[in-house]
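J.: Can you read through this structure? Questions will come right after.
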Amino acid sequence: MTQLERNEKLIQIALAIIAFSAISFLAVITFFIFFEGTPVIIKYGFKNFLFGMDWFPSEKSFGILPMIIGSIEVTAGALIIGIPLGLACAVTLTEFASKRIRQILKPVIELLAGIPSVVYGFIGVVILVPFIRDNLGGPGLSVLAASIVLGIMIMPTIISISIDSLLAVPRTYREGSIALGATQWQTTIMVMFPAARSGIITSIILGMGRAIGETMAVIMIAGNAVNIPHSILDPVRTLTSNIALEIGYSTGEHRQALFATGVVLFIIIMILNTAANIMSRKMKGQN
Amino acid sequence: MRRFIFVIIILAVFTTGCARGFSDKEIIIAGSTSVEPFADKWAEVYMEKYPNIVVNVQGGGSSAGIQAAKSGVADIGTCSRELKPEEKDLNEIIVAFDGLAVIVHSTNKTSNLTIEQIKQIFSGQIRNWKEFGGKDKIITVVTREEGSGTRGAFQELVMGKTRIFKGAIVQDSNGTVREIVANDPNAIGYISLGLVNDKVKAISLDGIMATDENIITKKYSLVRPFLFVTKNTPTGEVKDFIDFVLSQEGQGLIKEEGLIPVN
């Protein structure tokens, strides 16, 4: 073995160690959350914990159903707002806008992704919440406010990945479609979208991941009531904000119950990611 | 020559290190985040007066403070609610009183409620201001998060065994509760009396305003003690520090900050 080969080998080993250390962090986090969280789930019963309606840790009542529903509602709301706006923006920039406009707008949109979430939350509290309270009623701190802010927060992710996947569609697809007499709009809807499908779905999955995991902005604008909201103007608490709100003061079983909330969040995200991955792979197979 | 200087420096570093280690006494205080700013104030002034004592103040919450005192991790645990029966084996010293103010928006016409009415509002039985002669608007109830000492005191003093209703907005600090009540014309919340400002209106309970005088004479009922808890009867530096806190000077410091002195 020459000196060069030996060096090559050493670098390979070092890189492998680095790659595995990233995975081992994940393993440690997973182990720790489950180790801290599962005892309290077992003690109070899986069903009582997951489907309980009452969250009063001081009275040893740990039910997180309202927060599971809260997380799902807020995320769904964010997707309802973020997907149409994001896709419309991506299509405009790739299909209809000139190259120059795209060159200016795309970096600006990517800059949006870099704004810290507390800033989004602050703008939500100062502008959006009073607007909702004065014009639509309710306390303003609501499912609607959280959905709008999260919808805006996930737009950069959806836009930039969708743009990349639309641009990656071979030119011949578009040219062929137009040659057959389709309008630009028909081409976009019937040719470009299906061809870029897996990239667009990936962008939505990543956006959804950001929405469900977002904590700071949600704490500031969602109102955090542990209650299943009757309307979109009611306050709501998500799983992530439950952990962040109460971890500071919690002790004993209360603290464990917060870790158990983390376990549930972990499982929900795993399920969503797996489902989305399978879907995206299926779509790719169809092409 | 250079080596000589080096040795001098090393010696200097070590000896000063030792000097600090031997003559400086450290007092560790941990617990309630409501008490923390006031304990910081005491510590700051005390360390100026007695430079060889280091007072280290940490947060963590009332329950954590009691745990820390029990296990001996902290010399003094702080607590912003009454001790529970199972915690009574600790030695407790009341260092100040803090009023809890029930606050509403500055334009709210309601200026007086009975404790019973407040209980009905926070339990969700009464949901509209018109029941008290106000506008026909849904009441926005704002409360603190589970585990907070302020919530614990409010629960004990007003709610008793009744639960705070689930539709109430939850915020995790006195400041954010005040911010929401200051901006929402229909909101009601509760915060530490020292933190009431002119953006919100403190309402009187059973006709009694939350003033220092009414709190000292025990007319105003929403008063909670700020406690220092220690494992055993305090001695040495810890006793000296507590004596300072309870002295005229120590009590004067917190009066400036809006708390009610003990004597």
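The values are calculated or read from the model by the stated rules, or taken from the named source; none is laboratory data. These figures come from a predicted structure and were not determined experimentally. Because the Cβ atoms are built from the backbone with ideal geometry, glycine has one as well, and the counts that use them run over all protein chains shown.
J.: Does B:T140 meet the test of being surrounded by 17 or more Cβ atoms within 10 Å (Cβ to Cβ), in contact with an Asp or Glu (Cβ under 9 Å, 6 or more places away or on another chain), closer than 29 Å to A:V226 by Cα and at pLDDT 90 or above?
T.: Working: surrounded by 17 or more Cβ atoms within 10 Å (Cβ to Cβ): yes; in contact with an Asp or Glu (Cβ under 9 Å, 6 or more places away or on another chain): yes; closer than 29 Å to A:V226 by Cα: yes; at pLDDT 90 or above: yes.
Answer is yes for this residue.
J.: Inspect all residues belonging to segment A:177-188 and state whether any of them is farther than 30 Å from B:V142 by Cα and touching a Cys at 6+ places or on another chain (Cβ under 9 Å).
T.: no
Condition check ((1) among the basic types (K, R); (2) within 24 Å of the chain's Cα centre (by Cα)) across all residues:
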site	(1), (2)
A:R133	yes, no
A:A146	no, yes
A:L150	no, yes
A:S165	no, yes
A:I178	no, no
A:Q186	no, no
A:A211	no, yes
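J.: For segment A:86-120, what are the residues that are in contact with a helix residue (DSSP H, G or I) (Cβ under 7 Å, 6 or more places away or on another chain) and of a type in the set (K, R)?
T.: Kept after step one, since they are in contact with a helix residue (DSSP H, G or I) (Cβ under 7 Å, 6 or more places away or on another chain), are these residues of segment A:86-120: A:86-87, A:89-91, A:93-95, A:102, A:105-106, A:109-110, A:112-113, A:117-118, A:120.
Once the filter is applied, which keeps residues that are in contact with a helix residue (DSSP H, G or I) (Cβ under 7 Å, 6 or more places away or on another chain) and of a type in the set (K, R), segment A:86-120 yields A:R102, A:K106.
J.: Considering every residue within segment A:81-90, establish whether at least one is surrounded by fewer than 16 Cβ atoms within 10 Å (Cβ to Cβ), at pLDDT 90 or above and within 26 Å of B:I169 (Cα to Cα).
T.: no
J.: Going by what's in this entry, would A:I200 be described as among the hydrophobic types (A, V, I, L, M, F, W, C) and within 12 Å of chain B (Cβ to nearest Cβ)? Reasoning before the result, please.
T.: Numbers: among the hydrophobic types (A, V, I, L, M, F, W, C): yes; within 12 Å of chain B (Cβ to nearest Cβ): no.
It is false that A:I200 is among the hydrophobic types (A, V, I, L, M, F, W, C) and within 12 Å of chain B (Cβ to nearest Cβ).
J.: With (1) under 22 Å from the mean Cα position of the chain (by Cα); (2) within 13 Å of chain A (Cβ to nearest Cβ); (3) touching a residue at least 60 places away in the same chain (Cβ under 8 Å) as the list, and B:H105 as the residue in question, which single condition is left unmet?
T.: (1)
J.: State the number of residues belonging to segment A:15-55 that are more than 14 Å from chain B (Cβ to nearest Cβ) and surrounded by 13 or more Cβ atoms within 10 Å (Cβ to Cβ).
T.: Filtering segment A:15-55 for residues more than 14 Å from chain B (Cβ to nearest Cβ) gives A:15-51.
Remaining after also requiring surrounded by 13 or more Cβ atoms within 10 Å (Cβ to Cβ): A:30, A:33-34, A:36-41, A:43-44, A:48-50.
Here the count works out to 14.
J.: Among A:L144, A:L166, which is part of a helix (DSSP H, G or I), more than 14 Å from chain B (Cβ to nearest Cβ) and surrounded by 24 or more Cβ atoms within 10 Å (Cβ to Cβ)?
T.: Details: A:L166 fails: surrounded by 24 or more Cβ atoms within 10 Å (Cβ to Cβ).
Step by step, each of A:L144, A:L166 is checked, and only A:L144 is part of a helix (DSSP H, G or I), more than 14 Å from chain B (Cβ to nearest Cβ) and surrounded by 24 or more Cβ atoms within 10 Å (Cβ to Cβ).
J.: Turning to a different aspect of this structure: Looking only at segment B:72-93, which residues are within 12 Å of chain A (Cβ to nearest Cβ) and of a type in the set (S, T, N, Q)?
T.: B:S80, the sole residue that qualifies.
J.: Name the residue, out of A:I232, A:I205, A:I271, that is without any contact (Cβ under 8 Å) to a residue 24 or more places away in the chain, out of contact with any His (no Cβ under 9 Å at 6 or more places or on another chain) and away from chain B (no Cβ under 14 Å).
T.: Working: A:I232 fails: without any contact (Cβ under 8 Å) to a residue 24 or more places away in the chain; A:I205 fails: without any contact (Cβ under 8 Å) to a residue 24 or more places away in the chain.
Result: A:I271 is the single residue among A:I232, A:I205, A:I271 that is without any contact (Cβ under 8 Å) to a residue 24 or more places away in the chain, out of contact with any His (no Cβ under 9 Å at 6 or more places or on another chain) and away from chain B (no Cβ under 14 Å).
J.: Cβ contacts < 8 Å: first residue more than 9 Å from chain B (Cβ to nearest Cβ) and free of Cβ contacts under 8 Å to residues at least 60 places away in the same chain, restricted to segment A:121-140; second residue β-branched (V, I, T) and in a helix (DSSP H, G or I), any location; separation 6+ or different chain. Result?
T.: A:I123/A:V149
J.: For segment B:46-66: of the residues being part of a loop (DSSP other than H, G, I, E, B) and more than 14 Å from chain A (Cβ to nearest Cβ), which is nearest to B:E249 (Cα to Cα)?
T.: So the first thing to find is which residues in segment B:46-66 are part of a loop (DSSP other than H, G, I, E, B), and the list is B:50-52, B:61.
Next, from what is left, pick out any that are more than 14 Å from chain A (Cβ to nearest Cβ): B:50-52.
Working: B:Y50: 14, B:P51: 17, B:N52: 20 Å.
Per the criteria, the residue is B:Y50.
J.: On the basis of being within 14 Å of chain B (Cβ to nearest Cβ) and surrounded by fewer than 20 Cβ atoms within 10 Å (Cβ to Cβ), does A:L111 make the cut?
T.: Values: within 14 Å of chain B (Cβ to nearest Cβ): no; surrounded by fewer than 20 Cβ atoms within 10 Å (Cβ to Cβ): yes.
Criteria not met by A:L111.
J.: Further question: Checking the conditions here, which among B:A96, B:A43, B:A39, B:A69 is within 14 Å of another protein chain (Cβ to nearest Cβ) and either touching a strand residue (DSSP E or B) at 6+ places or on another chain (Cβ under 7 Å) or in a strand (DSSP E or B) (or both)? Give the derivation first.
T.: Numbers: B:A96 fails: within 14 Å of another protein chain (Cβ to nearest Cβ); B:A43 fails: within 14 Å of another protein chain (Cβ to nearest Cβ); B:A39 fails: within 14 Å of another protein chain (Cβ to nearest Cβ).
The match here is B:A69.
J.: Okay, next question. Could you list all residues from segment B:145-200 that are in a loop (DSSP other than H, G, I, E, B), away from chain A (no Cβ under 11 Å) and surrounded by fewer than 17 Cβ atoms within 10 Å (Cβ to Cβ)?
T.: First, the residues of segment B:145-200 that are in a loop (DSSP other than H, G, I, E, B): B:145-148, B:160-168, B:172-173, B:184-186, B:196-199.
Subset that is away from chain A (no Cβ under 11 Å): B:160, B:162, B:196-199.
Selection gives B:G160, B:T162, B:N197, B:D198, B:K199.
J.: I'm trying to understand the selection: among the residues of segment A:254-268, which are out of contact with any strand residue (DSSP E or B) (no Cβ under 8 Å at 6 or more places or on another chain) and either within 14 Å of another protein chain (Cβ to nearest Cβ) or of a type in the set (S, T, N, Q) (or both)? It would help to see each step written out before you state the result.
T.: To start, the set of residues in segment A:254-268 that are out of contact with any strand residue (DSSP E or B) (no Cβ under 8 Å at 6 or more places or on another chain) comprises A:254-256, A:258-259, A:261-268.
A:H254, A:R255, A:Q256, A:L258, A:T261, listed by residue number.
J.: Another one. Looking at segment A:175-194 only, could you name the residues that are surrounded by fewer than 18 Cβ atoms within 10 Å (Cβ to Cβ) and in a helix (DSSP H, G or I)?
T.: Selection gives A:E175, A:G176, A:I178, A:A179, A:Q184, A:W185, A:Q186, A:I189, A:M190, A:F193, A:P194.
J.: May I pose another question? Is one or more of the residues making up segment A:52-67 closer than 13 Å to A:V264 by Cβ and either out of contact with any strand residue (DSSP E or B) (no Cβ under 8 Å at 6 or more places or on another chain) or basic (K, R) (or both)?
T.: Yes.
J.: Please go through (1) under 22 Å from the mean Cα position of the chain (by Cα); (2) under 18 Å from B:S148 (Cα atoms); (3) touching a residue at least 24 places away in the same chain (Cβ under 8 Å); (4) surrounded by 22 or more Cβ atoms within 10 Å (Cβ to Cβ) for A:A244 and return the number of the only condition it doesn't satisfy.
T.: Just one mismatch for A:A244, condition (4).
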